[in-house]
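Asks: Have a look at the structure that comes next, please.
The values are calculated or read from the model by the stated rules, or taken from the named source; none is laboratory data. Just so we're clear, the structure is a prediction, and the values are computed from it rather than from any experiment. We place every Cβ from the backbone using ideal geometry, glycine too, and count neighbours over all the protein chains shown.
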Ligand SMILES: Cc1cc2nc3c(=O)[nH]c(=O)nc-3n(C[C@H](O)[C@H](O)[C@H](O)COP(=O)(O)OP(=O)(O)OC[C@H]3O[C@@H](n4cnc5c(N)ncnc54)[C@H](O)[C@@H]3O)c2cc1C
């Protein structure tokens, strides 16, 4: 007979790890299944807005969170969930490592993934000049010319990080002004090698075996093409919920899981927390994700007790 866990937390980012810490302290028997320990924050070079944790690399920050959760003895399974079904009152989770888990309750904390531009050359040149992670791949473009697409916090932070490594950084944004936090925009305005190109889209990425240049939808300095060695795409994100299609959770127009103030979803037994939800007024940060993880677990505790 298969063991039925009280709770399976799906995702090992800030929401999932905070939830695990609270679940351990509430004495809820649980497991965490998450492909990347620490989640998206591992991708940032520097996090400095989480109270009490100053000037840390994203990697160190994530490791600390992972170690804190593990301190309570939880098992964190490093793999992805491929699908979920609900039969009677039990969730059945199929893992990519061929394991199957059964649970009375689940917490979906799977965050988001980078939005693709879906333009010519993007797929073909991925890993050959095109990247979605400046912190991971920026080093390969030391002293070279790179572009960053986007205008939010991630794009601004990537452009700044690259400005310390690269000869030149073009920050290409379709809007008329950056929507990143003033903290980032101020830093960018002081950076000598970041050039911002507003009101412009990249429409094609060109190069045979490696990125050579990009095609813009309008002229910049009398040219519709810009030469560069690397292009970092920071064009927003989409929620990671494909694996949960089988349980038909209610989502908003953009596909984020709708949650109530206690992080319950439209399906009994399923909670959701962090960037994958429509919660916290859409403010996607470590602090909001962790808070939702904690709120969800308190609600799960009460539900399991009943
Ligand atoms: C470059 C960058 C810089 C950032 N800088 C800051 C900052 O300075 N301050 C700040 O507060 N926030 C920052 N953020 C935002 C912050 O990282 C997110 O808001 C936060 O990580 C969201 O946490 P989460 O747990 O909801 O999701 P995530 O961190 O996305 O974690 C999701 C987890 O789910 C796992 N997962 C996904 N799909 C599956 C599946 N099918 N099966 C199993 N596991 C799965 C992932 O591997 C991961 O473990 C930054 C984000 C980026 C990308």
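Asks: So which strands (runs of 3 or more DSSP E) are wholly in the stretch 51-130 and hold at least 2 residues that are touching a strand residue (DSSP E or B) at 6+ places or on another chain (Cβ under 9 Å), at pLDDT below 95 and within 13 Å of the ligand (Cβ to nearest atom)?
Replies: The qualifying strands (runs of 3 or more DSSP E) are 112-114.
Asks: Restricting to the stretch 261-278, and then to whatever is over 21 Å from the mean Cα position of the chain (by Cα) and not in a strand (DSSP E or B), can you tell me which residue is surrounded by the most Cβ atoms within 10 Å (Cβ to Cβ)?
Replies: If we take residues in the stretch 261-278 being over 21 Å from the mean Cα position of the chain (by Cα) and not in a strand (DSSP E or B), then 269 is surrounded by the most Cβ atoms within 10 Å (Cβ to Cβ).
Asks: Looking only at residues that are in a loop (DSSP other than H, G, I, E, B), within 13 Å of the ligand (Cβ to nearest atom) and without any contact (Cβ under 8 Å) to a residue 24 or more places away in the chain in the stretch 279-306, which one is nearest to residue 5 (Cα to Cα)?
Replies: Residue satisfying both the conditions and the ranking: 279.
Asks: Continuing with this model, one more query. Say we look at the stretch 1-42 and pick out the residues that are farther than 16 Å from residue 263 by Cβ and buried (at least 24 other Cβ atoms within 10 Å of the Cβ); which of these is farthest from the ligand (Cβ to nearest atom)? Please lay out each step first, then the result.
Replies: Step one: filter the stretch 1-42 for residues farther than 16 Å from residue 263 by Cβ, giving 1-6, 12, 24-25, 27, 29, 31-42.
Pick out the ones that are also buried (at least 24 other Cβ atoms within 10 Å of the Cβ) and you get 12, 32-34, 39.
On the way: 12: 4, 32: 9, 33: 5, 34: 4, 39: 2 Å.
Step by step, filter the stretch 1-42, then rank; the result is 32.
Asks: Scan the strands (runs of 3 or more DSSP E) fully inside the stretch 176-231 and keep the ones with 2 or more residues being closer than 22 Å to residue 124 by Cβ.
Replies: The qualifying strands (runs of 3 or more DSSP E) are 202-206, 213-220, 223-227.
Asks: Run down 64, 3 and say which single residue is under 22 Å from residue 99 (Cα atoms) and over 14 Å from the mean Cα position of the chain (by Cα).
Replies: 3
Asks: Could you check the stretch 138-159 and list, in sequence order, the residues that are assigned to a helix (DSSP H, G or I) and farther than 20 Å from residue 284 by Cα?
Replies: Result: 138, 139, 140, 141.
Asks: Still on this structure, please answer the following. Given the conditions (1) part of a helix (DSSP H, G or I); (2) more than 10 Å from the ligand (Cβ to nearest atom); (3) at pLDDT 95 or above; (4) over 25 Å from residue 25 (Cβ atoms), report the number of the one that residue 244 does not fulfil.
Replies: (2)
Asks: Condition test on residue 210, is it surrounded by fewer than 19 Cβ atoms within 10 Å (Cβ to Cβ), within 16 Å of the ligand (Cβ to nearest atom) and in the same structural domain as residue 140 (by TED's automatic domain parsing)?
Replies: no
Asks: Would you confirm whether or not the stretch 71-83 contains a residue that is crowded, with 16+ Cβ neighbours inside 10 Å and closer than 19 Å to residue 285 by Cβ?
Replies: No, the stretch 71-83 contains no residue that is crowded, with 16+ Cβ neighbours inside 10 Å and closer than 19 Å to residue 285 by Cβ.
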